[in-house]
1. List every residue pair whose Cβ atoms sit under 6 Å apart, with the two residues 6 or more apart in sequence or on different chains, where the first one lies in region 173-184 and is surrounded by fewer than 18 Cβ atoms within 10 Å (Cβ to Cβ) and the second, anywhere, is part of a strand (DSSP E or B).
2. Criterion first (among the β-branched types (Val, Ile, Thr) and outside any helix (DSSP H, G or I)) does VAL482 satisfy it?
3. Can you go through ILE356, ILE366 and tell me which one is closer than 18 Å to ASP308 by Cα and either touching a His at 6+ places or on another chain (Cβ under 6 Å) or surrounded by 14 or more Cβ atoms within 10 Å (Cβ to Cβ) (or both)?
4. If the Cβ limit is 6 Å and pairs must be 6+ apart or interchain, which residue in region 446-457 that is in contact (Cβ under 8 Å) with a residue 40 or more places away in the chain pairs with which residue that is among the basic types (Lys, Arg) and crowded, with 18+ Cβ neighbours inside 10 Å?
5. Looking for whichever is of a type outside the set (S, T, N, Q), under 30 Å from ASN165 (Cβ atoms) and not assigned by TED's automatic domain parsing to the domain that holds LEU324 here; the options are GLU246, GLU271. Which one fits?
6. Can you work out which of the residues in region 231-276 that are without any contact (Cβ under 8 Å) to a residue 24 or more places away in the chain and part of a strand (DSSP E or B) is nearest to SER447 (Cα to Cα)?
7. Does THR352 meet the test of being among the β-branched types (Val, Ile, Thr), within 29 Å of the chain's Cα centre (by Cα) and on the phi < 0 side of the Ramachandran plot?
8. Which one of SER192, SER250 is under 29 Å from the mean Cα position of the chain (by Cα) and small (Gly, Ala, Ser)?
Amino acid sequence: MPDIPDGLFPGLLIIPMLAIIILAHEFGHFFAARSVGIKVEEFGIGIPPRAKGWRWKNVLWSLNWIPLGGFVRVKGEDGQDFDPGSMNAKGPLARGFFLIAGSSANLLAAVVISIVLVASQGVPTDTTRIYINQVEPDSPAAEAGWQPGDAIFAVDGEDIDGRANLTAALDASAGSETPITVLRGGEQVETSITPRENPPVGQGATGVLIIEAYLSDISVGSVEPASPAADAGWLSGDDIIAVNGEQIESVAQASSMLDAAAGGAVDVTVERNGEQVATTLELRDATIELTEVAQDSPASDALLYAGDRIRSIDGTPLTDADSLLTSLQEASGAEVPVVVEREGREIEVSLTVPKIGEEENPLALIGANAFLEPWQQLAGAETRSNRAFDSVPVGEVIPEGLDQFWFLLTGTLEGLRETFTSAPDPDDFAGPVGMGQLTSEVITESSLPVWFWIGNILMVISVGLGLLNLLPIPALDGGRLVFVIVEILRGGKRVPPEKEGLIHLAGLALLLALMFFVAFNDVGRIIDGDSILP
């Protein structure tokens, strides 16, 4: 029997969240009905069976046992009652207003939530940095003193605003000594470098691997018992704010510095409950683990298996991806001994390496794939991260909130368009169970406050529910609105209520079938242990 997934409690938050959004929808219908003289017979909180009811201002207010939203029951919604106060006794414009009011309330709620989130949290930053991930030995970057985690800030006095801009600047200065400013720990460091005109394959003009990334926060998630992170005193929820005394402003920066610290001790400052705590993290050497070995390949012929950790090739210890590729290239066309760690034991096998061309991938030629253990795996800790936020001036909060809402609205409309114009993937759909999984995953994996994600998910659901209900599908508000429009176009001649009712009944049956399918798919995803996040 599968284990209950982590983060079950955060997932249960979807129940009150859905209730809030559905009640907002129904209050929209309620106030619209009262404003046009349609009699509201019952406003239900939750889904029947009824637990308790009372009358107030000639309306039955009911509390029901199933805590999923609510409903509004108005006079004449069965299509047979034409008495005064009945929905059927009203003109098409009044009925149309009643039908769109629920979705309008959802969209209005999303606007309000968006403005509140912008006012309290700000907006995701657009600021990016180009971080140095790895420095090749004996390269111009190594001679200039560049380090993993440094950010390339300016070339010859011109600010760098992207990878393409950096490449163009380095190409233009190839062969000439060039001043380059790097950011290290939030401070500018002036360096001088001569980009190579004909660099070694895969090293580039300066001899660095770079990562372009947004400014972001990083915090500790779960910590494995008896791990280096546990020995360092790390706790879940700690924010990583400095590595070797240098201020951290991005996940990419922290990862570059901590990956480079493999095989030794590194000082890491964390913030815990508003206080800074100095820790020392002892990391073992990183190993290269095979993740895939193709059948009938040189790697499989050498009896290499997925999960093996490669220690050395032809006597050369492997410390990073570059050393792996270089060792394979040097062994091109030869048979070499390879030492791997398998189930805690070192085993030596013999690998015949095919001839490797200059532009060919050595790993692909031997029929394998591999990855270098990241620092999190070495430390025995998971991390949470999130893009940093910029505060918004008071006078710009409402316009920015409207912009954020408009971005979500247009994105949702585009998603609906793609759903109806192309073959949809079943995994693209999610019901209440899937939304609960989404809530659990984003809350447990993000460093942002829980209230922020609750607000964002409420906004997403509110926009989705509002737009879905306006689709011209029988049984939905949009499907009923179609009959109102037909009535207007026919000069006031209505479709017989019994025929309209049958169409809505058929639509309801299809919607229920779709709901069961989506729920079955959501449960299957959780049982299989798959994430709902892309």
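The values are calculated or read from the model by the stated rules, or taken from the named source; none is laboratory data. This one's a predicted model, so the numbers in the text were calculated from it and none came from an experiment. Cβ atoms come from the backbone with ideal geometry, glycine included; neighbour counts cover every protein chain shown.
1. Taking only residues 6 or more apart or on different chains, the pairs are GLU177/SER192; PRO179/SER192.
2. On the way: among the β-branched types (Val, Ile, Thr): yes; outside any helix (DSSP H, G or I): no.
When the stated conditions are applied, VAL482 does not pass them.
3. Only one candidate passes the filter, namely ILE366.
4. What qualifies is SER446/ARG384; SER447/ARG384.
5. Going through GLU246, GLU271 in turn, the sole match is GLU246.
6. Once the filter is applied, the top-ranked residue is GLU275.
7. No; evaluated as a whole, the condition is false for this residue.
8. Working: SER192 fails: under 29 Å from the mean Cα position of the chain (by Cα).
Step by step, each of SER192, SER250 is checked, and only SER250 is under 29 Å from the mean Cα position of the chain (by Cα) and small (Gly, Ala, Ser).
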